[in-house]
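Beneath this line is the structure, given in structure tokens, with notes to follow.
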Amino acid sequence: MEEINRIQKCFCGFVEGGLKAHDIDRVLDLLTEDVIGIGMGSQGIIGCREDMRLFLLRAQRNMSGMKTKIRYENMQTRYYGDDYANICATVVFTTMTGEQSRKSRIGQCASMRKIEEEWKINMLQAAPLSLNVQEIEAYPFSFAEDEIEKYRRQEKFSDFMRKDLIATYKIDLETGKFEDYVPTERRSISVKSGDDYESEIFGVINRIVDEETRINFIKTFSVANLIKSYRSGQTEINLDYESVRPDGESLWLRNSVHLFQDMGGHVKSYLHLFDIDRQKRREIRLIQKAELDLATCIYNKETTRKKIESAVQLYSIPSTGAFFMIDLDFFKQINDTYGHAKGDYVIQQIANILKEYFRSEDIIGRLGGDEFCVFYTGKNNYEVIARKAEQICEAARNIYSAKGRALKTSISVGIARRVGNENFDELYRKADQALFVRKAKKGRDGFTIYAHDSNS
């Protein structure tokens, strides 16, 4: 019974602190660090303590000069043991200004956690109840358990809490002006109430991102687009982008906008700015690990195919694109002569040669063993392709050990220039045929271009 009383005391302390405009810091002490509020006033979703602070500040301003009476109906508490509880109640509160009074009813549910012997609220949900209903039960426990905890389990909320908040901005989209700015200890864009939203935000973005990102950012977060998005039913917009700091280092950021309509009908938004650099770089590393051949740090077979399939659709201009298939000659003999460690070293050197002589926009991959391929995305006239092939063949003849010893190495190359709308399989087949001609009929250590082998 004592724990039930403590749970109810925490719950009532928050409700009364918000409605009666008590000391906000004291009210916030009743919440966990990762509190979430759902259906709190007109905001819809409150995703962090700073949002909750803004909510309470606004409630405090709205309640200024009013007297308030609060009554609880149908309060039900379910205590699950050591550190978890749910509580539901119908909160009836009457506000009085002079001789006028107004009664409202709110269904309020909370999920509670016990932290260091103190009960705290980590999830709140509120909804106005109809004033025309004479008798209304508090929301059943299934509401708190199924609905509130469902939100807790949603990945977007757990992700939300892991992000590093830099600042929160509140914008009145009808006027295009900032209303509130809540900074953290992190450096951020400092604004004042009444500052023009687009001028301030877009002015900074123009200086810290590349042209493609700038265009996408302005299109996404323009006042017109945010209002249009809200009126089409969208209430949340997120954009991740890479910025450049004054010291030249890059930093991944996320803009997270929550759209809502206030009591006066104005479309407004909370813009949360997060530092997601650590998270984003970890994601990039995981993607690279999944895409790369670990021995050579070029694309693995599966990724190579996917990227070339995408590229042949993108580079559909005639006389653009060529498929190089490369085999390391007598690889078994290299392993037998120098050992498998030296064989691995030669494989790495071939990959390095391909990275040196091809461009970053070309697709370089290892198909397995001693087989490599490259999709060259530039103009594929015969002279350009032949010169590129000769360069990599010459480089492969000049591989030296770490001690400066010349290794007897060479490569054979089959090339298919893209002359129509050939897909990956067609290019692969033609390059493979050219490679066969090179190795079986012309001797290794050289290149053959499909359908033009008499010139090579």
task = Give the residue, chosen from 172, 196, that is crowded, with 18+ Cβ neighbours inside 10 Å, at pLDDT 90 or above and not hydrophobic (A, V, I, L, M, F, W, C).
result = 172
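Here is a yes/no grid of residues against (1) touching a strand residue (DSSP E or B) at 6+ places or on another chain (Cβ under 6 Å); (2) of a type in the set (Phe, Trp, Tyr); (3) more than 19 Å from residue 370 (Cα to Cα):
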{"position": "389", "(1), (2), (3)": "yes, no, no"}
{"position": "401", "(1), (2), (3)": "no, no, no"}
{"position": "405", "(1), (2), (3)": "no, no, yes"}
{"position": "410", "(1), (2), (3)": "no, no, no"}
{"position": "414", "(1), (2), (3)": "yes, no, no"}
{"position": "418", "(1), (2), (3)": "yes, no, yes"}
{"position": "421", "(1), (2), (3)": "no, no, yes"}
{"position": "438", "(1), (2), (3)": "yes, no, no"}
{"position": "443", "(1), (2), (3)": "no, no, no"}
message = So, in segment 282-302, how many residues would count as being touching a residue at least 12 places away in the same chain (Cβ under 8 Å) and polar (S, T, N, Q)?
response = 2
note = Among 341, 351, the single one that is aliphatic (A, V, I, L, M), in contact with a Cys (Cβ under 8 Å, 6 or more places away or on another chain) and assigned to a helix (DSSP H, G or I) is 351
request  = Tell me which residues, restricted to segment 288-301, are surrounded by fewer than 18 Cβ atoms within 10 Å (Cβ to Cβ) and under 24 Å from the mean Cα position of the chain (by Cα).
outcome  = 288, 289, 290, 291, 292
inquiry  = With the requirement that a residue be more than 28 Å from residue 316 (Cα to Cα), assigned to a loop (DSSP other than H, G, I, E, B) and of a type outside the set (S, T, N, Q), what does segment 390-423 give you?
reply    = 397, 399, 402, 403, 404, 405, 407, 408
task = With respect to residue 399, determine if the residue is at pLDDT 95 or above and either surrounded by 16 or more Cβ atoms within 10 Å (Cβ to Cβ) or among the aromatic types (Phe, Trp, Tyr) (or both).
result = no
task = Test residue 171 against the criterion of being more than 22 Å from the chain's Cα centre (by Cα), part of a strand (DSSP E or B) and closer than 25 Å to residue 36 by Cα, and give yes or no.
result = yes
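What number of residues within segment 192-234 satisfy the criterion of being among the hydrophobic types (A, V, I, L, M, F, W, C) and touching a helix residue (DSSP H, G or I) at 6+ places or on another chain (Cβ under 8 Å)? Quick ask: steps written out before the conclusion?
The first filter runs over segment 192-234 and keeps only residues among the hydrophobic types (A, V, I, L, M, F, W, C), leaving 201-202, 204-205, 208-209, 215, 217-218, 221, 223-224, 226-227.
The next check asks that each one be touching a helix residue (DSSP H, G or I) at 6+ places or on another chain (Cβ under 8 Å); those that pass are 201-202, 205, 209, 217-218, 221, 223.
Total satisfying the criteria: 8.
Name every residue in segment 343-354 that is buried (at least 16 other Cβ atoms within 10 Å of the Cβ) and either among the charged types (D, E, K, R) or more than 21 Å from residue 385 (Cβ to Cβ) (or both), in order of residue number.
Within segment 343-354, the subset buried (at least 16 other Cβ atoms within 10 Å of the Cβ) is 343, 345-347, 349-351, 353-354.
Of everything in segment 343-354, those that are buried (at least 16 other Cβ atoms within 10 Å of the Cβ) and either among the charged types (D, E, K, R) or more than 21 Å from residue 385 (Cβ to Cβ) (or both) turn out to be 343, 345, 346, 347, 349.
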task = For residues that are basic (Lys, Arg) and loosely packed, with under 15 Cβ neighbours inside 10 Å, scanning just segment 201-245, find the one that is farthest from residue 284 (Cα to Cα).
result = 231
request  = Please state which of the following conditions residue 189 fails to meet, knowing it meets all the rest: (1) farther than 22 Å from residue 277 by Cβ; (2) touching a helix residue (DSSP H, G or I) at 6+ places or on another chain (Cβ under 8 Å).
outcome  = (1)
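Which one of these is in contact with a Ser or Thr (Cβ under 8 Å, 6 or more places away or on another chain) and either surrounded by 19 or more Cβ atoms within 10 Å (Cβ to Cβ) or over 28 Å from residue 342 (Cα atoms) (or both): 438, 429? Can you show your working first?
Numbers: 429 fails: in contact with a Ser or Thr (Cβ under 8 Å, 6 or more places away or on another chain).
When all the criteria are applied, what remains is 438.
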key: Residue list for segment 174-210, filter: among the basic types (Lys, Arg) and either in contact (Cβ under 8 Å) with a residue 24 or more places away in the chain or closer than 18 Å to residue 256 by Cβ (or both)   = 186
task = Please give the number of the condition residue 431 fails out of (1) modelled with pLDDT of 95 or more; (2) in contact with a helix residue (DSSP H, G or I) (Cβ under 6 Å, 6 or more places away or on another chain).
result = (2)
remark   = When segment 9-44 is checked residue by residue, the ones that are of a type in the set (A, V, I, L, M), in contact with a strand residue (DSSP E or B) (Cβ under 6 Å, 6 or more places away or on another chain) and at pLDDT below 80 are 19, 35, 36, 38, 40
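Residue-by-condition table, conditions (1) closer than 19 Å to residue 190 by Cβ; (2) of a type outside the set (Val, Ile, Thr); (3) not in a strand (DSSP E or B):
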{"site": "240", "(1), (2), (3)": "no, yes, no"}
{"site": "252", "(1), (2), (3)": "no, yes, no"}
{"site": "271", "(1), (2), (3)": "yes, yes, no"}
{"site": "278", "(1), (2), (3)": "no, yes, yes"}
request  = Go through segment 205-228 and give me each residue that's among the aliphatic types (A, V, I, L, M) and within 21 Å of the chain's Cα centre (by Cα).
outcome  = 205, 208, 209, 215, 218, 226
Conditions (1) in contact with a helix residue (DSSP H, G or I) (Cβ under 7 Å, 6 or more places away or on another chain); (2) surrounded by 20 or more Cβ atoms within 10 Å (Cβ to Cβ); (3) closer than 16 Å to residue 308 by Cβ: number failed by residue 392 = (3)
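The values are calculated or read from the model by the stated rules, or taken from the named source; none is laboratory data. Fair warning: this is a prediction, and the values are worked out from it, not measured in the lab. Using ideal geometry, Cβ is built from the backbone for each residue, glycine included, and neighbour counts are taken over all protein chains shown.
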